[in-house]
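Engineer: Got a structure for you, questions after.
The values are calculated or read from the model by the stated rules, or taken from the named source; none is laboratory data. Just so it is clear, the model here is predicted, and its values are computed rather than measured. Reconstructed Cβ throughout: ideal geometry from the backbone, glycine too, with neighbour counts over all protein chains shown.
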Amino acid sequence: MPFIKNDPNINVLGRPKGSKNKLYATRRYIFNLLEDNRDKLINELKSLKGEKFVNYYIKLMEYVMAKRHNQIIDIKKLSNKEINELLDQIN
């Protein structure tokens with residue numbers, strides 16, 4: 001549907017400044033649920049062994065940590081100084 005100027009259905013004010021989206025609220029809920037049941041969760045995780053423990057641990061981490069993304073940098077476009085700065089940041 002194309003944009004129509006002065007359409008009464010358009011929220012010209014947008015979302016209020018500082019308001020959180022629904023995804024944030026869901027993550028916060030799950031985080032609080034994990035916090036409130038920390039002792040039970042620790043006991044349950046202690047009963048798991050090997051690969052099963054690792055799988056559940058990783059699944060839980062996804063809810064409280066941001067996922068990392070690989071970055072590919074084309075160093076052909078960088079100067080020697082910029083390349084050295086990147087290497088210093090890595091090390």
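Engineer: Where residues in segment 77-91 are part of a helix (DSSP H, G or I) and hydrophobic (A, V, I, L, M, F, W, C), which of them is nearest to the chain's Cα centre (by Cα)?
Structural biologist: In this case the residue turns out to be 90.
Engineer: Is it true that residue 20 is free of Cβ contacts under 8 Å to residues at least 12 places away in the same chain, outside any loop (DSSP other than H, G, I, E, B) and among the charged types (D, E, K, R)?
Structural biologist: no
Engineer: A further question on this structure: Looking only at segment 6-38, which residues are at pLDDT 80 or above and among the β-branched types (Val, Ile, Thr)?
Structural biologist: 10, 26, 30
Engineer: Something else: Here's a check for you: in segment 1-55, which residue that is closer than 18 Å to residue 65 by Cβ and of a type in the set (Ser, Thr, Tyr) is farthest from the chain's Cα centre (by Cα)?
Structural biologist: Ranking the candidates gives 29 first.
Engineer: Out of all the residues in segment 63-76, is one or more in contact (Cβ under 8 Å) with a residue 24 or more places away in the chain and not in a helix (DSSP H, G or I)?
Structural biologist: Yes, that holds for at least one residue.
Let's see how each residue does on (1) more than 26 Å from residue 26 (Cβ to Cβ); (2) surrounded by fewer than 11 Cβ atoms within 10 Å (Cβ to Cβ):
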residue: 38; (1), (2): no, yes
residue: 41; (1), (2): no, no
residue: 48; (1), (2): no, no
residue: 56; (1), (2): no, no
residue: 61; (1), (2): no, yes
residue: 66; (1), (2): no, yes
residue: 81; (1), (2): yes, yes
residue: 87; (1), (2): yes, yes
residue: 91; (1), (2): yes, yes
